[in-house]
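Note sheet for the following structure.
What follows draws every value from the coordinates through simple rules; no lab data is involved. Just so it is clear, the model here is predicted, and its values are computed rather than measured. For neighbour counting, all protein chains shown are included, and Cβ atoms are generated from backbone atoms with ideal geometry for every residue, glycine included.
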């Protein structure tokens, strides 16, 4: 229809010259309207973000013309932005459901597993272990430094022109030679070989000592992270249990508010305590998650995996029997502690090197041996006549400069020996101080755990009595006393968990300082405790109550 009208307009423009300009501008207007329409459809900024308003007359007409069905009555006009937002929400919901289906892999762990995985899979320990392998290979290579160099190959020689004979006359010759042979060439310096072997052995033991140091430090760090994880999870469980106490007090305060409007201040006070409790729960959960992430890194496991502690209760650990005397414990640490064996071998290596360098080897010369054998073809012009050829040369020489530098070299060796001595003494002092500090912390920690247990029992009793006083409308009984007793119970549990944390850390530290095969299990420690009739005993988990049973006995009977 549009084409017919445009054709009719063109014919009419040809006939009527005055209207020709109007037809040309009408075509431009049609093209402009089409371009604007297409731009409005393609450009999202030009589209309207709100539904297009519909006149009332059109709504009335549409209601008359539309069929009376439930689907037609539910039809609504929506904009393109609403449709795109619905699609985006659908994609987000699908992605969130897909992520929810991918659950992290759970890894059950305990302290023994943590120490084993840290030693086997920690990246830093694995790198240091490879360095030890490298030093061992260098040590083996230094032990074979006296071996001669053996070459096999072929040599060709050609001469054309003037040359001088044995009488000194100049002659002209044309000769050639071909010499395929096997050549043995060596320079044997016993002093240099001994020095290289001593240095490589010292570096090997030094690398092993660094490996032992890093292993002990990272194992202690992993065990500490695991204990912090248990502490955070235990603290979170205590905070959630105390949250129930606040919810009970909130219900009681709301009932009091119904009868006494002045009790609004109590409701607000309980809400404040409850919000603080929720903040503490989130903080403890975040601390536990941070400890879990750190522990996963130290153990070399997948960071997306979930570490699940096997221990159901957070209790004190008995890894070392501290009933023995301090001197005996320090003696064990100085004999089997980390780094002791490596430094002793380094000390022996340096001393042995100095003795060997001052022995008869310092007078030994440098021996050189060169030997070659093979077929030898030679002749005039291009002819070759073959015969067997064997050459050998021996030489012995002394480096006279070393006689003038021997005093400085000896001084360097003595300085290195003193460095090893000082390092060994420093390690002994550190081990002695560490053993003494850890042992004192364990003994003191047992007393702290005893007092914390009694604090929990008294705080629990205080909460029970204040609750009964409030329920029985005792004189001067207020809800503030109950809230303060909950705070006291929280502080008692925090002290108890903190004491166990410090106690277990000291146990692990002392176990690592004593070295392997010097720590006793919990059963052996309990037996040794009974034999020595120790005054303080480690409380069990049941002796530190968490959930209270409020009996309805009267306060007078108490």
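Here is how the numbers come out for the structure above:
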| item | result |
| --- | --- |
| Proxy reagent accessibility, fewest Cβ within 10 Å first, across 256, 479, 392 | 392, 256, 479 |
| Fewest-first sequence of 318, 352, 481 by Cβ atoms within 10 Å of each Cβ | 352, 481, 318 |
| Förster radius 60 Å - calculated FRET efficiency between residue 415 and residue 373 (Cβ-Cβ, nearest 0.05) | 0.80 |
| Efficiency of FRET between residue 154 and residue 397 - r from beta-carbon atoms, R0 25 angstrom, step 0.05 | 0.25 |
| Rounded Å value of the spacing that divides the Cα centres of the stretch 234-294 and the stretch 341-399 | 85 |
| Virtual spin-label span in nm between residue 184 and residue 383, 7 Å along Cα→Cβ | 3.6 |
| Residue-span extension gain [residue 105 to residue 126] - 0.36 nm each, minus C-alpha spacing | 5.2 nm |
| Added length on full extension, which subtracts the Cα-Cα distance from 0.36 nm per residue, residue 471 to residue 213 | 86.8 nm |
| log₁₀ of I(q)/I(0) at q = 0.27, 0.29 Å⁻¹ - the stretch 422-461, Debye sum with one point per alpha carbon | -0.81, -0.85 |
| Average projected area [Cα convex hull, the stretch 112-543], square nanometres | 38.5 |
| Cβ-Cβ FRET estimate between residue 271 and residue 429, R0 fixed at 60 Å, reported to 0.05 | 0.60 |
| Relative contact order of the stretch 145-248, defined on C-alpha pairs under 8 angstrom at six or more residues apart (%) | 23 |
| Most to least packed among 427-434, 469-476, 501-508 [average Cβ atoms within 10 Å] | 501-508, 427-434, 469-476 |
| Virtual spin-label span in nm between residue 141 and residue 408, 7 Å along Cα→Cβ | 2.8 |
| Rule-of-thumb Rg ratio for the stretch 111-156 [Cα; 2.2 N^0.38 Å; N residues] | 2.17 |
| Full-stretch length increase - residue 363, residue 133 - with 0.36 nm per residue and alpha-carbon distance subtracted | 79.3 nm |
| Projected-area average for the stretch 398-480 over all orientations - Cα convex hull basis, square nanometres | 10.9 |
